[in-house]
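Some notes on the structure that comes next.
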Amino acid sequence: FPREWATLHGKLADHYQELQDDLGLEDEAGRRNDVWQRYALAALYHRLCQAPQARLGLALNGFLAVLWAQRPFARRWAEVIERAGRGSRVVQVERWGTRLLDGLKAYEDESYEETREAFSQLIDREGIEEPWRAVAYAFRGETYRLMGQYEEALTDFDQAIDLSLDRAGIIARRGMVSLQMGQYEDALADFDRIVELNPSYAWAIACRGEIRRITGRYEEALADYSRAYSMSPQTPEIAAGRAETHRLMGRYDDAVADFERVIAQRPDYVWAITCRGRTYWQMGQYEKALADFDRAYVLDPQDAQTI
C-alpha cells in the first residue's frame with residue numbers, strides 16, 4: 001500500500017508538472033502567473049506526499065524562490081507543505097510548513113522575533129541552494145532593519161549580496177539601512193550600483209536623489225529627482241523630494257508648483273504640506289504658510305510638531 005500510494009502521487013505530480021511546463025513560462029514569469037501557481041502548488045503537494053522527507057529540501061528552496069517573487073504565493077506554498085506533512089503523517093514536514101506560515105504571519109503582525117527565527121532556521125538548514133539562501137539572508141536582514149537592529153541587518157545583506165551579487169533588490173535594502181544609519185557614502189555607493197544594474201528603477205534613482213539632497217549636493221539631487229519623476233510622475237514621494245530640493249536651492253516658485261502637484265495627489269501628506277508652508281514662509285507669504293501649518297497639525301499633531 002505505501003508503494004502504491006507513492007506511485008500514485010508521483011504520477012499526479014508528473015501530470016501537474018507537465019501542465020505547468022506546457023504553459024511555456026520561465027520560472028521568473030511563472031511565479032507571478034495564477035495558472036502556473038496552481039499547477040506548481042499541486043505538483044508540490046503530490047511530490048511531498050510521494051516522498052516527504054526526500055522532497056522537503058526541494059520544497060524549502062521553492063518557498064524561498066516564490067517568496068522573492070510574491071509573498072501571498074509563498075504563504076500558499078507554506079500551507080501546502082504543512083498540509084502535505086499532515087496528510088502523509090510526517091511531523092518534520094508539517095512543522096516546517098507551520099514554521100514558515102507563522103513566520104510570515106508574524107512579519108505581517110510586526111512580531112519580528114518569530115520571523116527572524118524562521119529565517120535563521122532556513123539559513124542554517126543544509127541543502128538550501130545559494131541563490132535562495134541569499135533570499136533568506138535578505139529577508140532576515142529586512143526583519144532586523146524593521147527591528148532597528150541595523151548592524152545585524154547590514155551583516156545579513158552583505159551575506160546575501162556575496163551569494164547573489166546581481167540582485168538589485170537586496171542591494172537596495174542594504175542601501176536603505178546605510179541611509180538610516182547616516183552612512184551616506186555607503187548608501188550612495190549601493191544606489192549607484194542599483195542604477196547601474198537597472199537604469200529605469202525610479203525608486204532607486206529617487207533614493208539616490210534623497211542622499212544627495214541630505215548631503216547638500218542639490219544640483220545632482222535635482223537631476224535624480226527629475227529623472228525619477230519622468231519615469232514615475234504618479235509617485236508623490238518623488239515629486240515631494242524634488243520640491244524640497246527646489247526649496248533648499250531657493251527656487252521657491254518651482255518648489256510650490258511641485259508641492260501643489262503632490263498635495264493634489266495626496267491631500268493628507270503632512271510632510272509635503274509642512275514643507276510647502278516653510279516655502280511660503282520663506283517667500284514672505286505668511287498667511288498661506290500658517291494655513292499649511294494649521295492644516296498639517298489637524299491632520300497629524302505629532303508629525304506636524306516634529307517636522
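For Arg32 and Thr215 in the same chain, what is the full-extension length gain: residue separation times 0.36 nm, less their Cα-Cα distance, in nm? Don't jump to the answer; show the numbers that get you there.
Values: separation 183, 0.36 × 183 = 65.88 nm, distance 3.88 nm.
Extra length available between Arg32 and Thr215 comes to 62.0 nm.
To the nearest whole percent, what portion of all C-alpha pairs in the chain is separated by more than 30 angstrom?
Details: 22474 of 46971 pairs.
Everything past 30 Å amounts to 48 percent.
Figure the gain on full extension for Glu129 and Gln92 (residue separation times 0.36 nm, minus the Cα-Cα span) and round it to one decimal in nm.
My answer for the length gained is 11.3 nm.
Quick one: angle between helix 112-124 and the longest Cα principal axis of the chain, in degrees between 0 and 90, rounded to 10, please.
On a 0 to 90 degree scale, this one is about 50.
Just to check, using Stokes-Einstein with a Kirkwood Rh over alpha carbon pairs, what's the diffusion coefficient of the stretch 18-165 at 37 °C and 0.692 mPa s in µm²/s?
Rounded, D is 211 µm²/s.
Which residue, Thr115, Thr143, Thr274, has the most motion in a Gaussian network model of the chain that connects Cα atoms within less than 10 Å?
Looking only at Thr115, Thr143, Thr274, the biggest GNM fluctuation is shown by Thr274.
Using each residue's phi in the stretch 25-31, evaluate 6.51 cos²θ - 1.76 cosθ + 1.60 at θ = phi - 60° and report the 3J(HN,Hα) Karplus result to the nearest Hz, with x for Gly and Pro.
9, 5, 3, 4, 6, x, 5
When the helix-only estimate is applied to the chain (DSSP H runs of n ≥ 4, each -39,500 (n - 2.57), divided by the residue count), what is the mean residue ellipticity at 222 nm, nearest 500 deg cm²/dmol?
Calculated from helices alone, the mean residue ellipticity at 222 nm is -26500 deg cm²/dmol.
Dividing the Cα convex hull volume of the stretch 125-231 by residue count, how many Å³ per residue is that?
88
Quote the Stokes-Einstein diffusion coefficient, in whole µm² s⁻¹, for the stretch 26-80, based on the Kirkwood radius over alpha carbon pairs, a temperature of 25 °C and a viscosity of 0.890 mPa s.
222
Please turn the phi angles of the stretch 17-22 into ³J(HN,Hα) values with the Karplus equation 6.51 cos²θ - 1.76 cosθ + 1.60 (θ = phi - 60°), one per residue in order, whole Hz, x for glycine and proline.
Values per residue, Gly and Pro as x: 5, 5, 4, 4, 5, 5 Hz.
Set the Förster distance to 30 Å, then compute FRET efficiency between Asp294 and Ala264 from the Cβ-Cβ distance, nearest 0.05.
It comes to 0.95.
With axes computed from alpha carbons, what is the tilt in degrees of helix 91-108 against the longest principal axis of the chain, rounded to the nearest 10 within 0 to 90?
Orientation of helix 91-108: about 10 degrees from the principal axis.
Would you mind counting up the charge near Lys105? Only other residues with Cβ under 14 Å from its Cβ, with Lys and Arg at +1 and Asp and Glu at -1.
On the way: positive: Arg71, Arg75, Arg76, Arg99, Arg116; negative: Glu79, Glu82, Asp102, Glu108, Asp109, Glu110, Glu113, Glu114, Glu117.
Value of the local net charge: -4.
Using only the alpha-carbon atoms, how far is helix 150-163 inclined from the longest principal axis of the chain? Give it as 0 to 90 degrees, nearest 10.
60
Going from the alpha-carbon gyration tensor of the stretch 215-306, what semi-axes, largest first and in whole Å, does one get by taking the root of 5 times each eigenvalue?
21, 15, 11
Lys and Arg at +1, Asp and Glu at -1: add these up for the other residues within a Cβ distance under 12 Å of Arg247 and post the number.
Values: positive: Arg213, Arg242, Arg251, Arg276, Arg278; negative: Glu244, Asp253, Asp254, Asp258.
For residues surrounding Arg247, the net value is +1.
Using θ = phi - 60° and the Karplus relation 6.51 cos²θ - 1.76 cosθ + 1.60, list the HN-Hα couplings for the stretch 251-264 in order, rounded to whole Hz, with x at every Gly or Pro.
9, 5, 4, 5, 4, 4, 4, 5, 4, 4, 4, 4, 5, 5
Read-outs throughout are calculated quantities, based only on the coordinates presented, and are distinct from any laboratory measurement. Bear in mind that the values here come from a model prediction, so they are computed numbers and not experimental data. Every residue, glycine among them, receives a Cβ derived from its backbone with ideal geometry; neighbour counts consider all protein chains shown.
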